[in-house]
Amino acid sequence: MGSGCMSRGSGGARQLFPGASEICVVLPRDGAALGPDGERALAGFRELLYRERAEIEAECGVPARFVDTDPGDGPRWLIGPAAWNPAINRYPRRGEGQAGVWFDRERQVLITDAPDLFGVIEAISLIRTLIMTGQDAVFVSECRDLDEAIERITREVGWTYPSFALRGLDWDAICARHRERVAQAADPLAAIQTWLAELQDAHTWVKPSPAPVPLPYQVWVEGDTAVFTRVPQGTAAWDAGVRPGDVLLDVDTAGWWARTGSTPHAKPLMTGYRLLSTPVGVERTLAARRADGRRVEWREVGSIDPPYPLVTWTRLPSGSGYLRIEAWRADRDVDAAIDAAFADLAGTDRLIVDLRGNGGGNLALALSFRDRFLHEPTVLGSIRFSTGPGELSPPAPITGEPADERRRWHGAVRFLTDPMTYSASEDALLGLQGLPHVRVVGEPSGGGSGRPRTLRLLPGMTLTVSTALTYDRHGRCIEGTGIPVDHYVVPERFSHGAEDTVLRAADRTW
């Protein structure tokens, strides 16, 4: 199978630091320089870098050692913003002040810098572009025109995407089917999304920029029909009388089905997620046909904050604790809410954690949550990163350390999953399954290892591309299949007021 545009001279895997024994990663510090939230943002960024050591080592080709001070010689990577990492200012470079990545081959110094932390994260995605092209500097930039955007997608996906062989995909053939259609399309964004949907990966697509946000519902798309499966109380649709089983009207279900890349078992829900995603601040009028045949309409405004808490908990009649986490958001004090939940539920040794519909978010937060359920240092699985067309790094172990005793759950736990349990939520579960005190109940998760990189295309368009494959403790690849369940339970998706069969089953497995 084709692994992606080898004829374009991408040349296979390359290393930035051939022959080196290690690279010093010089981390940014002094976050207070960028305002009152700087320290918190910097702490989260540093935590993510620590946890993603395997990706850094795959990218650079050598073991990494984290330091706070530039050692002054030897292979090293200086990470900005320069306001947080003064060592960067000792290295004059072309295009200084722009967001980008520079490589001083003579001194073996790699620099990623930008005026702010978001820009640095964006610049880090360009390291692969620098390796691919062999250049000494690459800057965050938009394409000049659609032809350049098509070329950027072709080359970057061909170099980066890790799942061509896994899914039996021929990228050259896929490009041949779509490039001309995209070039002639009246709606290039829709045409590009249809192109990338063939990769069957929700992380690898082109999204509008700024990114739309999902409305607070779950919708199942099948054929030309979209049916509500979750309508939380307190939402606009609930107040309009919409309930699970009602049909969403006046939407382009077929168009969004074609534009949505996803694993097959998750596609009905992922299509609904994309169909109802809305730009922040933009108002939409939606309509539904209720079970009694009546048409109802209501207005929705895209918001980054759902109209309900992201973390809720209670004690079930059985005595088991129940904890639901909607998303991994560091800016919404999810971690503190979980602390509060554990404190309130401390009187029981049985906990059910509901991750259904949790599509991911902050990876460091999800991994910190995972560590709450470890009793000892544990090898949880492994990860491999793409290093060039058709190339994968050797497997690197994914390990976990138990959380602080005060933050740990010491009893048995049951996790509830469905096909929209995705991305960071799967990282939270990887390796916990198989531990004596853990069971997973419901349906397999979505199957998106991800670790996507982000690249600009045209104004209003951003490309994201998966870079990694994760494997569980048995060597089973999570990408495309998801976290398997110990107890498979089919939910009552379309019946309002029906008993939660998945929750009931989980509470009977102690």
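The values are calculated or read from the model by the stated rules, or taken from the named source; none is laboratory data. Because the structure is a prediction, the values reported are computed rather than measured. Because the Cβ atoms are built from the backbone with ideal geometry, glycine has one as well, and the counts that use them run over all protein chains shown. We work out accessible area using only protein heavy atoms, side chains counted, and drop any ligands, DNA or RNA first. Shrake-Rupley method; radii C 1.70, N 1.55, O 1.52, S 1.80 Å.
Here the label points at ASP104 and ALA43, each 7 Å from Cα along the C-beta direction, are separated by 3.3 nm in the simple model. Per residue, the accessible area of the chain comes to 41 Å², computed with a 1.4 Å probe over protein heavy atoms only. Quote the Stokes-Einstein diffusion coefficient, in whole µm² s⁻¹, for region 153-289, based on the Kirkwood radius over alpha carbon pairs, a temperature of 20 °C and a viscosity of 1.002 mPa s. The calculation lands on 132 µm²/s. For the chain, carbon and sulfur atoms together expose 51% of the accessible surface, with a 1.4 angstrom probe and every protein chain in place.
As a rough guide to protection, the peptides 334-345, 382-393 ranked by mean Cβ packing within 10 Å, highest first, stand as 382-393, 334-345. Sorting the segments 216-222, 307-313 by their mean number of nearby beta carbons within 10 angstrom, highest to lowest, gives 216-222, 307-313. Counted by Cβ distance under 11 Å from PHE385, the other residues give a net charge of -1, where Lys and Arg count +1 and Asp and Glu count -1. Backbone phi angles across region 252-262, fed through the Karplus curve with coefficients 6.51, -1.76 and 1.60 (θ = phi - 60°), yield HN-Hα couplings of 8, 5, 5, x, 6, 4, 5, 8, 9, x, 6 Hz in residue order; Gly and Pro are listed as x. If only the Cβ of Lys and Arg carry +1 and only the Cβ of Asp and Glu carry -1, the dipole of region 257-395 around its Cα centre is close to 800 debye. Find how many whole Å separate the alpha carbon centroid of region 47-112 from the alpha carbon centroid of region 309-383. That distance is 34 Å. Out of all DSSP beta bridges with both ends in the chain, state the antiparallel percent to the nearest 5. For the chain, the DSSP antiparallel bridge percentage is about 65.
Other residues within the sphere of radius under 15 Å centred on the Cβ of ASP305, judged by their own Cβ, net out at -2 (K and R +1, D and E -1). Amide H contacts of ILE325: ASP354, each under 5 Å away and 5 or more positions distant or on a separate chain (H built 1.01 Å from N in the peptide plane; Pro and chain starts excluded). Rounded, prolate or oblate: which fits region 298-348 when a ≥ b ≥ c are the square roots of the eigenvalues of the alpha-carbon gyration tensor, with rounded for a/c under 1.5 and prolate only if a/b beats b/c? Since a/c reaches 1.5 but b/c is at least a/b, the shape of region 298-348 is classed as oblate. Taking amide H atoms as placed 1.01 Å from N in the peptide plane, the amide H of ARG230 lies under 5 Å from those of GLN218, each 5 or more residues away in sequence or on another chain. When each of the peptides 468-474, 492-498 is scored by the mean number of other C-beta atoms lying within 10 Å of its residues, the order from highest to lowest reads 468-474, 492-498.
Its relative contact order, with pairs defined as Cα atoms under 8 Å and 6+ residues apart, puts region 396-476 at 25 percent.
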